[in-house]
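Data first, discussion second: the structure below is written as structure tokens.
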Amino acid sequence: MAANSGHCDSSSGGDEMANLILLICVILAGASFVSFTAQDISAAGYGQNWASDVCSVAPLACGNPHQMAYVAAGLAGLWIVMKFVSAMRG
């Protein structure tokens with residue numbers, strides 16, 4: 001019988017999904033940090049070009065950077081639960 005018979009191992013699929021959730025969490029956290037910093041710099045009027053560029057490209061992100069942080073925290077919690085369940089199964 002062939003080594004790969006077309007059946008997926010459910011634990012590796014769960015690990016891949018957990019890794020994808022962690023990646024999205026890190027990206028959202030980074031975007032939230034950049035948006036929050038750009039919002040503060042733009043509001044203070046320091047005149048940094050990158051901050052005004054970020055806020056003009058993504059005004060919704062600069063207006064509410066905390067929302068991305070909340071989603072990142074929720075995904076981090078989901079990742080922890082997924083890892084815990086995976087450890088309990090395996």
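Please treat every number below as a calculation from the coordinates, not as lab data. Just so you know, these numbers come straight off a predicted model, no measurement behind them. With ideal geometry, Cβ positions are generated from the backbone for all residues, glycine too; neighbour counts draw on all protein chains shown.
In table form, for the structure just shown:
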| item | result |
| --- | --- |
| Inter-label distance, nm, simple model (7 Å from Cα along the C-beta direction), Asn64/Leu78 | 1.8 |
| In sequence order, calculated HN-Hα J values of segment 20-35 (Karplus, 6.51, -1.76, 1.60; Hz; x Gly/Pro) | 5, 5, 5, 4, 4, 4, 5, 5, 5, 5, x, 5, 5, 5, 5, 5 |
